[in-house]
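**Student:** Mind looking over this structure? Questions follow.
The values are calculated or read from the model by the stated rules, or taken from the named source; none is laboratory data. The structure displayed is predicted, hence computed values, not measured ones. So basically every Cβ, Gly included, is an ideal-geometry build from the backbone, and we count neighbours across all protein chains shown.
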Amino acid sequence: MLANLVHPVKGFKQPQVLDDVVYEVNPAGKVVWKWIASEHLNEFGFSPSELKLVRNAEIADYLHVNNLKVVGPNRWFAAGDKHNLTGEFSPVGGASRPIYKYQNNQG
């Protein structure tokens, strides 16, 4: 489930930001996993100057995700089409609080 989370984030100019968050909810309605965008800013590939701009944004909605969908294998990329830039979140390591890495299909 894709949602917004309004909360303070250390290092941001705004006292509260409108953050993007992904929740995995089990059939009983319990959140079993969540991913909060602001916790992964250093993984998005921003340069130091770009990250400074993000953290000093004049608006609280610093990042805006419109859609989230579970998808299967990217058959177009496997067939050689490099225009379809989907990716996946996957767990890294065996920590009690897993870290998730975004891997796009271009490696």
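**Student:** Being of a type outside the set (A, V, I, L, M) and in a helix (DSSP H, G or I) narrows it down to one residue among Glu24, Glu39; which is it? First the steps, then the outcome.
**Tutor:** On the way: Glu24 fails: in a helix (DSSP H, G or I).
It is Glu39.
**Student:** I want to confirm something. Restricting to the range 48-79 and keeping residues that are at pLDDT below 75 and assigned to a loop (DSSP other than H, G, I, E, B), which single residue is nearest to Val17 (Cα to Cα)?
**Tutor:** Lys69
**Student:** For the range 7-42, enumerate the residues that are of a type in the set (Val, Ile, Thr), farther than 17 Å from Lys69 by Cβ and surrounded by 12 or more Cβ atoms within 10 Å (Cβ to Cβ). Working first, answer last.
**Tutor:** Taking the range 7-42 and keeping what is of a type in the set (Val, Ile, Thr), we get 9, 17, 21-22, 25, 31-32, 36.
Subsequent filtering for residues that are farther than 17 Å from Lys69 by Cβ retains 9, 17, 31-32, 36.
Residues satisfying the conditions are Val9, Val17, Ile36.
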